[in-house]
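The values are calculated or read from the model by the stated rules, or taken from the named source; none is laboratory data. All of these numbers come straight from a predicted model, not from anything done at the bench. Cβ atoms come from the backbone with ideal geometry, glycine included; neighbour counts cover every protein chain shown.
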Amino acid sequence: MAAPPKVDEIEDDAGLVTSSLTDPEAFAQLYDRYFDDIHRYLAARLGRETADDLAAETFLIAFRRRAAFDPSRGTAVRPWLYGIATNLVSQHRRSEQRRLKAIGRMGAEHSVDGHEERATARVAAEMLRPALVRAMRDLSPGERDVVFLSALGGLGYEDIAQALGIPSGTVGSRLNRAKARLRRALGDRTAQDERDS
């Protein structure tokens with residue numbers, strides 16, 4: 001009987017997940033491979049401070065669920081991690097909204113946008129046109145998720161479908177709808193800018 005391969009000899013991600021069931025240290029290689037990508041994605045959506053916590057939580061959840069990971073279903077590790085991270089973004093948003101509603105009930109004079117909105121506004125001020133930010137805010141959460149996974153995560157349709165647990169056709173329709181809305185919003189804004197000048 002051949003000896004199992006050493007962890008540093010395992011090249012594919014699924015093999016590392018499988019090996020981590022008997023050798024938890026194997027999971028550290030996945031952390032090393034993908035932490036920066038996941039952190040960058042979360043930071044772009046929620047800000048660097050929140051991303052620090054949620055990126056670590058993404059890998060903790062993945063480690064705890066590694067026995068349920070089944071590469072024979074065609075699931076790749078990278079989209080699986082992005083799916084966990086995206087779910088954490090949604091949970092964070094819901095939690096933030098509940099907190100803001102509670103502050104509002106306590107008679108707060110004005111509410112502050114959630115982390116994602118603040119991060120989006122910061123990016124707009126530094127790099128993007130304000131019209132694009134407004135248009136992104138007008139997208140549904142599902143449309144925003146596919147745009148962010150595509151643009152920030154660099155995932156293709158199949159990987160986004162795996163990350164969100166939806167059919168790839170749904171990814172395509174959400175992305176096409178989002179792009180059309182963004183084009184309309186930016187086109188309207190561009191036309192307005194031209195009229196103003």
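Numbers below:
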| quantity | calculated |
| --- | --- |
| Residue, surrounded by the fewest Cβ atoms within 10 Å (Cβ to Cβ), within segment 66-80, restricted to residues that are out of contact with any Phe, Trp or Tyr (no Cβ under 9 Å at 6 or more places or on another chain) and closer than 11 Å to Val17 by Cβ | Ala68 |
| Of all residues in segment 45-103 being of a type in the set (A, V, I, L, M, F, W, C) and not in a helix (DSSP H, G or I), the one that is nearest to Gly156 (Cα to Cα) | Ala76 |
| Neighbours by Cβ (under 6 Å, 6+ apart or cross-chain): first from segment 72-98, touching a residue at least 40 places away in the same chain (Cβ under 8 Å); second in a loop (DSSP other than H, G, I, E, B) and buried (at least 21 other Cβ atoms within 10 Å of the Cβ) | Tyr82/Gly153 |
| Exclusive hit being under 20 Å from Phe69 (Cβ atoms), exposed (fewer than 15 other Cβ atoms within 10 Å of the Cβ) and either out of contact with any strand residue (DSSP E or B) (no Cβ under 7 Å at 6 or more places or on another chain) or modelled with pLDDT of 90 or more (or both), set Gly154, Gly165 | Gly165 |
| Residue count, segment 18-30 (criterion: more than 13 Å from Ile84 (Cβ to Cβ) and either in a helix (DSSP H, G or I) or within 13 Å of the chain's Cα centre (by Cα) (or both)) | 9 |
